[in-house]
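I have placed the structure first, in the form of C-alpha cells, so that the comments after it can refer back to it.
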Amino acid sequence: MREGEVEKLRAVVRDCLGKHLYSSAIFFADKLATLAGNATQDLYMQAQALYLGKQYRRALHLLRRHHLVSADLRFRYLAAKCLEEVKEWDECLAMLGDGEVDEEGNVQMTDDQDTEFLDRDVEEREINIGAAICLLRGRAFEALENRARALRWFKAALKADPYCYEAFEHLVDNHMLTSDEEASLLYSLKFDPEDHWLSLLYSCRAKKYGQLAAIESKFVELEREPDESQLEDDSVGCSLKDNNDVVACRADLLYHHGEFQRCYDTTKALLEKDPYHLTCMPLHIGAALELGRKNELFLRAHNLVQEYPNKAIAWFAVGCYYYCIRQFDHARRYFCKATTLEGSFAPAWLGFGNAYAAQDESDQAMAAYRTAARLFAGCHLPALCIGMEYLRTNNLNLAEQFLMQAKSICSTDPVVYNELGVMAFRNKDYEAAARWLRKALSLAPPPLTEAWEPTVVNLAHTLRKLKSYVEAISMYEKALALYPKGASTYAALGFTHHLQGSTGKAIDFYHKALGLKSDDTFTAEMLTTALTEECTRLSSAPDSQFFSLGVGLP
Amino acid sequence: MATVWSAAHRVELRRAIRHLRDRGLYAAAKWAAEQLVGLPEETSRNAGPPPAPYSDSEKTKLKRPSRRKDSTTQVGPGYAGSGNLREEDEEEDDDVLLLAKAFFDMREYRRAAHALRGSTGKKAFFLRCYATYLAGEKRKEEEIIELAGPLGRSDAVNPELVGLEQELFALYSKGALDAFGSYMYGVVLHERERKADACTVLCASVNAYPWNWSAWLELQALCTDPDILPTLNLNDHWMRDFFLASVDLDLQRNSDGLARYRALYALFPRSDHILAQTATAHYNLRDFDEAEGLFEELLRSDPYRIEGMDIYSNILYVKECFAALSHLAHKSVLTDKYRPETCCIIGNYYSLKAQHEKAVLYFKRALRLNRKYLSAWTLMGHEYVEMKNTPAAIDAYRRAVDINPRDYRAWYGLGQTYEILAMPYYALYYYRRATQLRPHDARMWCAMGQCYETEQLNMHDAAIRCYRRALSNSDREGIALHKLAKLHENLGQADQAAFYYRKNLERMEADQNEGQDFVDALLFLGNYCKNKGSLEEAEKFCDRLLDYGDPAKEDAKALLREIRSVQQHTANLPSMDLEQYTP
C-alpha cells in the first residue's frame, strides 16, 4: 500500500476520533496498524481509540502484546489510565512504577525517561505528562484510601505543572489542606509570568479563611480590564470580570462570610447563565437553605435529581429541602444517599450530621461529623460541629478541645468564637466569654444581620453576669433591633432592669415578653415579684411618686 | 391676612395632593383634600391659583413651569428639601413608572415592585419600596388568617422588612433619602421596634415635606410618652399644629388639644377633621352633650362619613340612647357594612341591648377588618368582662395596650379584670398606668384605693391617700367619701371618719340618694355624737334612722335608749368625764 493512502487512513482515524465516532476509529486504526506494519505511532492511535471507545481491556492487551508498555511514558500512562477505568488500582500503580514523593510533593526523579519530555520543545502549551502521572497516582492512592500518599501525589502533580487543574480542584474542593498549607503550596508553584491570572485565580479559589481585604484586592485585579493600568507588572487586570468561575468564587467568599442574601443573588444570577455550573450549586443550595427559600430548593432539587441522578449534589439538594421544611428523617435519608454516591462530598456529611443533631441523636451526629473531620482535614466545620454537639450535651472539656481545633484551622469564623464564648459562659468564666463574644461580633460582617442576634444576646447575658448592667441593656436593645420578636430577650432585658432596681421598666419588659410568649413561667414569676416590690415601694413613697406625677410612662 | 394665608395653603395642598396620589399615599391625599375643602371659600379668583376645574386640564398642558413658578413664590419661606422633589414631579413620568403605578392601583404590589426594579428616580424608588412593603403586609395578613390562634394572635411578620431596612439604611447613611424615602424608612424602623431611630427619621421626613399626614400619624404613634414630644425637632408649619393637636388628644391633654383646634379652626373653618377631633376631645372630657351635638353637626354636613362615628356610638351608648344608636347602626350598615367602625357601632348597639355574644361577634369582625383597631379591642374586653370570660378579656385588653399604650380604658379594664381574679398586685399596677394617663379621673383613684384595701395588701394608708386624691378630683359617684369614712372608722380615727361621713351625708342629701351608705353614715354619726357628748345631735341622727328598714331601725332604737339613759345620768352627775365612753 502506498504511503499516501496510509497517511489518508491516519487522517480518517484522527477525524473519527475528533467526531467521536469511536467504533469507526477503532476499525480504521486496526487496519491502519496492520497496513503500516504495526508502527508505534499507529498502535498508540489504536490504543487511544480503544480507550475512548471504552474498550479498556482490549487497549491494555494491545499495549501489552506489542511490548509497548515499557517503551514510552505515554504508553505507560495510557495503560495505567485503562487500569484506572477498570478499577485495578494496585495494577495501575505498578504500571506507573515506583515513584517516591516527599511530604511537600517533591518527586525524587528516578525515571530518566521523564527528561525526554521535559526537554521537548513544544510549540503549544501541553500538560506535562509527569503531572498527569502524578495525578493518576494520587487518584489511585485515594481509591485505595491511602489519603496521605494521595495528598502528596496531588501536590506533586500541581508542582510538576500548575496547569494541572484537576489536582488543584481535588485538593481544594475536598478540603484536603489547611489554609496555611494551601498558601505555602501555591507559593511554591512555578507560574510563568504570563500566567499571573492563573495564580490569582488559584489563590482566590483557595480557602476563604484569610483576610477579607487581601482576597478582595485579588478579585479586583482579576476582574479589571488590562488597559486600565499599565504601570506595574503585578497589578495588571486580567479582564475575567464575568467569568463564571470567578463569579462562583466570589459567591463562595460571600457564603463564608455569612452574607447569604448577597451570595444567593450572585449564585442565582450565575445559574441563570449556566444552569449546570456544579461548583456553584452547593453554595446556591446552602444559601437558599440559610434564607429558608424552600420553594427554590424544591425546584432546584427536582431538576438536579432528574438531570444528575448519580451525582451527590442532586441528593444533597433534596436533603437540604427536607432539612429546610424540618423533616429531618427524610433529610437524613437523602444526605446519606449523597454520601454513599460520593464519599468526598463534604456538605452532605455535614448535613447528615446536622439532621441527626436536629433530632437530638447525638451519637449518630457525632459519627457523621467525625467522618467529615477525617475526610476533610482542611475544613474547620466538622470540628466546629463536634464542638457544638459536645457543648449541647454539656461535655465542656471535649467541646473546648474541638472548638480550639476549629479555631486553629480557621481563625476568622465568628461562629467559632461565639461557641467558645458560650462554652466559657457555661464554665462560668464570664470574662473570657465576653472576650470571645466580642471577638465574634467584630469578625461578623457589618452591618449585623438577624443571624447574629444570638451572639449579641449571648454577650448581653455575659455582661449581665459581669454586673455591667448598662452595657448589657444596650446589648439587649441592639439584639431587639435585629430581631424584635425575641420574647426571651425582652424577659432578660426586664430582668436586667429588675436587677438594677428599676422595677417599673422591668414590669414593662416582662409584660412584653409574656405578650410574645405567654407560657414562660420564669418571666411570669418575676413579673409577680416585680409587681409586689413595686407596690411596696410606691405605697410608702412620697406623694409626688405615689401619685406618679413625676414618673414618665415607660 | 387670613385670605393670603388660605390662598397659600390652597396652593400647597393642591400640589401636595398630587404628590401624594402619585406615590400611592392615598390616605394622606384624602386627608389633604379634606383640609383643602376645609379652607374658607375663595373670595376672588385672581388672588389665588385657578380653581379646581382648571387644575385637571393644567396637568395635560405642557407649558407649566411659568405658572408653577409664581405659585412657588406664594408658598413663602421654607422647604428647600422639596425643591428637587418638585423638579421630578414636573417631569412626565416615564413609561415604566406609569405601568408600575397602574399595577399598584390594581393592588398588584409585587408586580409593581418588579416593574420598577431598574428605575432610578426618587419617585420610582419610593413607589418600589412602598409596593414591596405593602406586598409583605398583604402576605403577612394572609399568613395571619391561615395560621392564627383563637384571637388572631400570630407571630407572622412582614417578610420584606429586613431587606427594606438594609436597602433604606444604606441610602439613609449616605443622606440620599428624600422626604418620602425617609417616611418609608421610618415606617420600617417602627415595625422593627426601633422607635428612637424611627422618630428621628420621621422628623426628618416631615420637616422636609410637611404635607404627608401619614408621616405625622406614624410619628404620633411613636409619641407614647409625653416626654418624647419636646425632644422632637420639628420645624414650624401649620401641619405641625394639626399634629400637635392630635397628639394632645392622644395623650389625654384634651383641653390643650381643644385650644389648638380652636386656633386651626380659624384657618380651616370648614374642615370636618377639626370638627370630628373637637368632638372626640369633648368626649374624652366626658362632656357628652357637647360632643353629641358636634357629631350630629358633622353628620349633617357629611352624612356618609364613617370615620369617628364609633366614638359617636360610644357617646350614645353611655347616654343609653337606644333609638339614636340603632339609627346610626342601620345607617352605617347601608353606607359601608364592612368597615371596622361600622362593626364597632353595631357591637355597641348589641352591648347596650345586653346581647354580649353578638356584640363580641361584631367586635371580632371589626378586628378581622383591621387588627390594629384599638377601640374594638378595648370594647371587646369590656364585653368579655360582662360575660365573665376573664382570660379572653385580659387578652383583648393586652392587645389594645400593645397597639397603643395610651389607651387608659384598656389599662383600667385590665385592672378590673385582675381585681376579679383576686390578683391585687397586678390590678394595682394597671390602675396605676390608667391614673398616669388620666391623673384627674377620680374613678381610677377609687379603683386603686380598693386594691390597697384588699386583704392581700391591707395597706390602709395608701388606700386613704388614693381616696383623698379621688376626692380632690370631684368624685362624682361619691365612692371615695364613704370609703374614706369607713377606713378611718376601722382605723379608730373617729374624728376623721366623722368628718367624711358628714361630707358624704351632705352629698347624698343634695343628690337625694339615700341608700345603705346613708344609713351607715347616720348610724356612725349618731354613735360618734353620743360619745362626744353632743347628745342632741346624736338624737337627730337617730331620729332620721328610724325611717329606715329593720336592722338600722333596731340599732337606732338601741342607741336612742342609750342616749336617754345617758341624758338622765348626766342630769344626775353633771361632772362625769365623757372620754371613757369613746370606743
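Bear in mind these aren't lab numbers, they're just calculated from the coordinates by the rules spelled out. Quantities reported herein were computed from a predicted structural model and do not represent experimental measurements. Glycine gets a Cβ as well: all are built from the backbone with ideal geometry, and neighbour counts include every protein chain shown.
Taking all pairs of distinct Cα atoms, average 1/r, flip it, and tell me the Kirkwood hydrodynamic radius of region B:459-507 in Å to one decimal place.
That comes to 10.4 Å for region B:459-507.
Note the angle between two axes, namely the Cα long axis of helix A:381-392 and the longest principal axis of the Cα atoms of chain A, as a number of degrees from 0 to 90, rounded to the nearest 10.
Value to nearest ten degrees: 30.
From the phi of every residue in region B:102-117, what ³J(HN,Hα) in whole Hz does the Karplus formula 6.51 cos²θ - 1.76 cosθ + 1.60 yield, where θ is phi - 60° and glycine or proline is x?
Running phi through 6.51 cos²θ - 1.76 cosθ + 1.60 with θ = phi - 60° gives 5, 4, 4, 5, 8, 6, 9, 5, 5, 5, 4, 4, 5, 4, 8, 4 Hz.
So for region A:284-388, Kirkwood radius off the Cα pairs, Stokes-Einstein at 25 °C and 0.890 mPa s: how many µm² s⁻¹?
184
Which GluC sites (Glu not before Pro) in region B:317-421 pass both tests, a DSSP loop state and at most 10 other beta-carbon atoms within 10 Å?
Here the sparse-neighbourhood loop sites are B:Glu320.
Could you name the aspartates and glutamates whose alpha carbon sits less than 20 Å from that of A:Lys273, not counting residues in the same chain fewer than 8 places away?
A:Glu223, A:Asp242, A:Asp245, A:Asp252, A:Asp265, A:Glu296, A:Glu307
Please identify every one of the chymotrypsin sites (Phe, Trp or Tyr not before Pro) in region A:367-400 that sits in a loop by DSSP and has no more than 13 other beta carbons within 10 Å of its own beta carbon.
Qualifying residues, ordered by number: none.
In what sequence do B:Thr231, A:Thr521 fall when counting other Cβ within 10 Å, fewest first?
A:Thr521, B:Thr231
Normalised radius of gyration for the protein assembly as shown, please: alpha carbon Rg relative to 2.2 N^0.38 Å, two decimal places.
Dividing the Cα Rg of the protein assembly as shown by 2.2 N^0.38 Å gives 1.32.
Arranged by the count of other C-beta atoms within 10 angstrom, fewest first, what order do A:Arg370, B:Arg107 take?
Fewest to most other Cβ atoms nearby, the residues stand as B:Arg107, A:Arg370.
Counting only pairs 8 or more places apart or on different chains, how many lysine pairs in region A:1-106 have C-alpha atoms closer than 20 Å?
7
For A:Glu91, B:Glu296, what ranking results if the residue with the fewest other Cβ atoms within 10 Å of its Cβ goes first?
B:Glu296, A:Glu91
Quick check on my link table: of A:Lys512/B:Lys483; A:Lys241/A:Lys407; A:Lys268/B:Lys195; A:Lys294/B:Lys337; A:Lys159/A:Lys218; A:Lys294/A:Lys485, which ones sit more than 30 Å apart, alpha carbon to alpha carbon?
A:Lys512/B:Lys483; A:Lys241/A:Lys407; A:Lys268/B:Lys195; A:Lys294/B:Lys337
Quick check: the angle from helix B:374-386's long axis to the longest principal axis of chain B, C-alpha only, nearest 10 degrees?
In chain B, helix B:374-386 runs at an angle near 30 degrees to the longest axis.
Over the Cα atoms of region A:409-554, what is the Rg over Rh ratio if Rh follows Kirkwood?
The Rg/Rh ratio comes out at 1.06.
Work through the residues other than A:Leu35 whose Cβ is under 9 Å from its Cβ and net out their charges, Lys, Arg +1 and Asp, Glu -1.
Result for the local shell: -1.
Tally Lys/Arg at +1 and Asp/Glu at -1 over every other residue whose Cβ is under 12 Å from the Cβ of A:Leu291; what's the total?
Neighbourhood net charge equals -1.
Using the eigenvalues of the Cα gyration tensor, what equivalent ellipsoid semi-axes result for region A:344-418 when each is taken as the square root of five times the eigenvalue, whole Å, largest first?
17, 16, 10
Mind putting a number on the dipole of region A:435-554 about its Cα centre? Charges go on the C-beta only, +1 for Lys and Arg and -1 for Asp and Glu, and I need it in Debye to the nearest 20.
In debye, rounded to 20, region A:435-554 gives about 560.
Rounded, prolate or oblate: which fits region B:424-523, taking a ≥ b ≥ c as square roots of the Cα gyration tensor eigenvalues, rounded meaning a/c under 1.5, else prolate when a/b beats b/c?
Oblate, because a/c is 1.5 or more while a/b does not exceed b/c.
Counting pairs of alpha carbon atoms under 8 Å apart in space and at least six apart in sequence, what relative contact order in percent does chain B give?
Averaging sequence separation for qualifying contacts and normalising by length gives 6 percent for chain B.
Between rounded, prolate and oblate, where does region B:400-454 land on the alpha carbon gyration tensor, with a ≥ b ≥ c its root eigenvalues, rounded for a/c under 1.5, else prolate if a/b exceeds b/c?
The shape class here is oblate.
Can you tell which of A:Ile325, B:Pro405, B:Asn207 lies farthest toward the positive end of the dipole of the protein assembly as shown, using +1 and -1 charges on the Cβ of basic and acidic side chains (Lys, Arg; Asp, Glu)?
Among A:Ile325, B:Pro405, B:Asn207, the one farthest towards the positive end of the dipole of the protein assembly as shown is B:Pro405.
Name the residue from B:Gln220, B:Leu234, B:Gln355 whose Cα lies farthest towards the positive end of the charge dipole of region B:213-361, charges +1 on Cβ of Lys and Arg and -1 on Cβ of Asp and Glu.
Farthest towards the positive pole: B:Gln355.
Please quote Rg/Rh for region A:49-94 to two decimal places, taking the Kirkwood radius as Rh and restricting both calculations to Cα atoms.
Across region A:49-94, the Cα-based Rg/Rh ratio is 0.93.
Where does helix A:244-256 land angle-wise versus the long Cα axis of chain A, in degrees 0 to 90, nearest 10?
30
Can you classify region B:488-543 as rounded, prolate or oblate using the Cα gyration tensor, where a ≥ b ≥ c are the square roots of its eigenvalues, rounded means a/c under 1.5, and otherwise it's prolate if a/b beats b/c and oblate if not?
oblate
Dipole of chain B, Cα-centred, from +1 at each Lys and Arg C-beta and -1 at each Asp and Glu C-beta, to the nearest 20 debye?
Charge dipole, chain B, about its Cα centre: 1680 debye, nearest 20.
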